[in-house]
Structure formats: structure tokens, C-alpha cells
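Engineer: Questions regarding the structure given below will be posed in turn.
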Amino acid sequence: MQRFTAIFTLPLMLSIAATPLLSDDHDKKTDVTITEPVQIPGGMVLAPGAYMFILNNSASNRNIVEIKSEDGQHLYAMVLAQRTTRVDPSSKTVLTFYEMPNGAPPALRQWFWPGDADGQEFLYRHNEATTISQMSHQSVPEASDEEYLSLKAPDESAFAK
């Protein structure tokens, strides 16, 4: 299990590190506390609060990330991702974000597990990817609407209004 607090005050792409607690290499379970709204794929914005990020236990796709309540009882989102790699692994969990202008919440970009060079880069639907790309001036990877429609419906009570 991983625990950290994300604070969104850096001017460029945000990178947040976590203090490792317990490890579960299979599902990469990470506890996350956010202090400001964060955009995630699916047109959703997570409200400030505590969440759990976990790799879905799918035999066919190891690139589905579940975003759950801190206690794991409520599924807020199932998000498609793709494998990504970085040169220098960190000893801590790292989340990266696309910086968004004009007070828009940062958009979740990548998730790296402590010590791993491989991580998950989140995939946005075409319209979301285009908007984020235009606002952040960065390339944003996409997944089709059909791919997202095949995922479970989330509990929407955590989303910012």
C-alpha cells in the first residue's frame, strides 16, 4: 500500500512523490489524497479527498486502473492506460499531470510505482485528449469510445460539481 498527499502548486507538469508504506507489486495499490480537483479520463473531475489507485485484475488487459474510495468500497472510475517508461525510476510513487490554464484542474497523466521504470499513462477519449492537448500544448494519448464503453460504470459521488 502506498500513501501520499498531492498538492497542485507547481507551474509546469506536476510530479508528486509518495512515501512507501506496504507494497503489493501485483496490483500496484496506492492510496492518494488530493487537495484540489483533478481531471481524470471520462470527462470527470475528482473532488479533493482520499482515493485508492489499483491495477485491475484483468487477465486480458493489465492497463486498466481503478480509482476507488479510500476504503476500497466504492468504484469511482475505471480508466484505460498504456504502458509508459521513464529513464530514472524513483523510490517513491509518482503521479504526473498536464498543466491546465485559467484555473482548470490539472489532468492526470501518468502513474509510476516506487522503483519501477514502467508505469501507466492514462488514455483520454478523443474530445478530451484534443481539449487537454490544446490547453497544455502536449500530446495526449487516446482510447476509443468503444474501449471505454466496455468498462464498468463508476460511482459518481466523488466527482467535483
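Every residue, every condition in (1) at pLDDT 80 or above; (2) outside any loop (DSSP other than H, G, I, E, B); (3) not acidic (Asp, Glu), yes or no:
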{"residue": "116", "(1), (2), (3)": "yes, no, no"}
{"residue": "119", "(1), (2), (3)": "yes, yes, yes"}
{"residue": "129", "(1), (2), (3)": "yes, yes, yes"}
{"residue": "153", "(1), (2), (3)": "no, no, yes"}
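Engineer: When you go through (1) touching a residue at least 24 places away in the same chain (Cβ under 8 Å); (2) within 23 Å of residue 150 (Cα to Cα); (3) among the acidic types (Asp, Glu) one by one for residue 66, which number turns out not to apply?
Structural biologist: So residue 66 meets the others, but not (1).
Engineer: Restricting attention to the stretch 69-108, report how many residues are free of Cβ contacts under 8 Å to residues at least 40 places away in the same chain, part of a strand (DSSP E or B) and under 19 Å from residue 32 (Cβ atoms). First the steps, then the outcome.
Structural biologist: Of the residues in the stretch 69-108, the ones free of Cβ contacts under 8 Å to residues at least 40 places away in the same chain are 70-73, 83-89, 101-103.
Now restrict to residues that are part of a strand (DSSP E or B): 83-85.
Next, from what is left, pick out any that are under 19 Å from residue 32 (Cβ atoms): 84.
Residues meeting the conditions: 1.
The values are calculated or read from the model by the stated rules, or taken from the named source; none is laboratory data. This structure is a prediction, so every number in the text was calculated from the model and none was measured. With ideal geometry, Cβ positions are generated from the backbone for all residues, glycine too; neighbour counts draw on all protein chains shown.
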